[in-house]
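Just so it is clear, none of the values below were taken in a lab; they were calculated from the coordinates. Remember, predicted model here, so these are calculated numbers, not experimental data. Every residue, glycine among them, receives a Cβ derived from its backbone with ideal geometry; neighbour counts consider all protein chains shown.
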Amino acid sequence: MTAVPGAPIVVGADGSAESLDAVRWAARTACLRDAPLEIVHALDVPALVAGGVVPPPEEMVDALRARGRRALRTAQELAAAQGFPGATTRLDPDRAAQALIEASRSAALLVVGSAGHGRLTSLLAGSVAGAVGTHARCDTVVVRGDSWDEPEAAGRPVVTGIDGSEAGTRVLATALAEARARRAPLVVLHAWADAPPPHRDPRCGTDAGRRLLDERVLAHNTADVDVEQVVVHAHPRRELVERSATAQLVVLGDRGRGGFPGLLLGSTGQALLHNAACPVHLVRTTS
């Protein structure tokens, strides 16, 4: 999905340390993109409806609103400390997943932390991962680790995984844009570990991967980005998790063959969302 010009970066905040990391990352990225920033706190009122029909006492909802406003003020102050003083805030009465999925319809980017209070920041690491992967209408970033906040992080590369699908073209374009905005080098990786028949020479797979990357990279303007192409006969999950330790951002397709097979729906995506040492940018590869 192509973001509407002027669309905001939307970040979920529940007051946890992980969500505040997401706010800091989102605020800095909003500065880089010169984009608006919206901070959302979900009240999760539907969870308080007894028996599915009896609404919670108004006093309880008021307490949730008060706590939510405090969390939003803290997040807004933190965004200002990152150089973005104009962040807007919003309390949403819905559940976290539904609130952010709805917000993604008009967002340029959706940002969440990797863990937290079981609310916004656990969005992509818990049971609602499938819902977000299926229904989010924009790219999503899961802010993981803390190495991205180190002074030397600006010199680390953006890493992206590419396969032969058409969606891979969109993933590469996004990775190039991120590298360009961050003035960082870009590592374009093709990792294959398809267990070929015993008689097949692994060099065939490596050569095919090199041709693929040559073709994909040449289709883009890379004049202002230092691009390194890497082809390895290895498992994508292991390779990407290892490379995330020395990267400032990993960019992948949100599912299937948008980056690596099974992302978000299988073991590769789960491994990255739970073990990557840096933020993971999931590119929306379907309309």
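Summary of values
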item: FRET efficiency for Asp149 and Glu59, using Cβ-Cβ distance with R0 set to 35 Å, rounded to 0.05; result: 0.35
item: Likely footprinting exposure, Thr29, Thr206, fewest C-beta neighbours within 10 Å first; result: Thr206, Thr29
item: Distance in nm between pseudo-label sites at His135 and Asp226 (7 Å out along the Cβ direction from Cα); result: 4.4 nm
item: Residues Leu37, Leu176, Leu218, sorted so that the one with the fewest Cβ neighbours within 10 Å comes first; result: Leu218, Leu176, Leu37
